[in-house]
């Protein structure tokens, strides 16, 4: 595998930014499938490679893995900040396709993430289902409307006020519950969810599971002993990758 740190200029963000990319050097399928792997609120684009064995898991499966930097944006166009949704959904895939030899086909493209990144992965897959064959959330912050309306901790209020200001998440395209209710189940990619039963976000994950069941959306969901930790995420990642790419020849 090749491990690449890529620093590049972003037009959407109007500044330089970075991504970490894992590329298979020898592949059975050329160009290789690609997984966009999204970081959490307190992490950055290096966290997956520092705290998990993602490079080894990717090598065993012949996958390219793209890990972008989005800071504390919730993968949204911030009211007082940067256009991270535009960066993620439009500029990043175009830049990756221009700089690296990876597949651009829907059946070879996947997205996953942890915590805030789990939210970002599900949002991207639900808003642009034509782009992905699979999407996965690990311990995702999946009920952002609840966080905005009910989490009164000062640091959370400061964050949601900066990102969304007076924009209400509930009922809009930042609200995963709304996106699930209005989705066509036949058009969605394979959806995978994993969360620890001791995780502080487990209630949000259970609400997402219930919303999928009500909407008739197929979701591969499992809750196992574990907390909001890299130990849990690293343990879950190989199985999550396998479930997302099930049936893919790599």
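The values are calculated or read from the model by the stated rules, or taken from the named source; none is laboratory data. Keep in mind it's a predicted model, so treat the numbers as computed, not measured. In this analysis, Cβ positions are derived from the backbone assuming ideal geometry, glycine residues included, and neighbour counts consider all displayed protein chains.
Looking only at region 235-250, which residues are within 16 Å of residue 36 (Cα to Cα) and either in contact with a helix residue (DSSP H, G or I) (Cβ under 7 Å, 6 or more places away or on another chain) or modelled with pLDDT under 95 (or both)?
Answer for region 235-250, where residues must be within 16 Å of residue 36 (Cα to Cα) and either in contact with a helix residue (DSSP H, G or I) (Cβ under 7 Å, 6 or more places away or on another chain) or modelled with pLDDT under 95 (or both): 237, 238, 241, 245.
When only residues in region 110-133 that are touching a helix residue (DSSP H, G or I) at 6+ places or on another chain (Cβ under 8 Å) and outside any helix (DSSP H, G or I) count, which is surrounded by the most Cβ atoms within 10 Å (Cβ to Cβ)?
Looking at residues that are touching a helix residue (DSSP H, G or I) at 6+ places or on another chain (Cβ under 8 Å) and outside any helix (DSSP H, G or I), I get 114.
Restricting to region 157-215, what's the tally of residues that are on the phi > 0 side of the Ramachandran plot and modelled with pLDDT of 95 or more?
The number of residues fulfilling the criteria is 1.
Residues 137, 115: which one is out of contact with any strand residue (DSSP E or B) (no Cβ under 6 Å at 6 or more places or on another chain), modelled with pLDDT of 95 or more and closer than 23 Å to residue 245 by Cβ?
115
For region 78-100, check the following and say yes or no: at least one residue is more than 26 Å from residue 163 (Cβ to Cβ) and either touching a residue at least 40 places away in the same chain (Cβ under 8 Å) or crowded, with 16+ Cβ neighbours inside 10 Å (or both).
yes
Out of region 10-26, which residues are farther than 20 Å from residue 75 by Cβ and more than 19 Å from the chain's Cα centre (by Cα)?
24, 25, 26 - these are the residues of region 10-26 that are farther than 20 Å from residue 75 by Cβ and more than 19 Å from the chain's Cα centre (by Cα).
Go through region 1-19 and report how many residues are within 17 Å of residue 84 (Cα to Cα) and touching a helix residue (DSSP H, G or I) at 6+ places or on another chain (Cβ under 8 Å).
Qualifying residue count, region 1-19: 7.
What helices (runs of 4 or more DSSP H) completely inside region 150-230 contain at least 1 residues that are within 25 Å of residue 37 (Cβ to Cβ), touching a residue at least 60 places away in the same chain (Cβ under 8 Å) and in contact with a strand residue (DSSP E or B) (Cβ under 8 Å, 6 or more places away or on another chain)?
202-215
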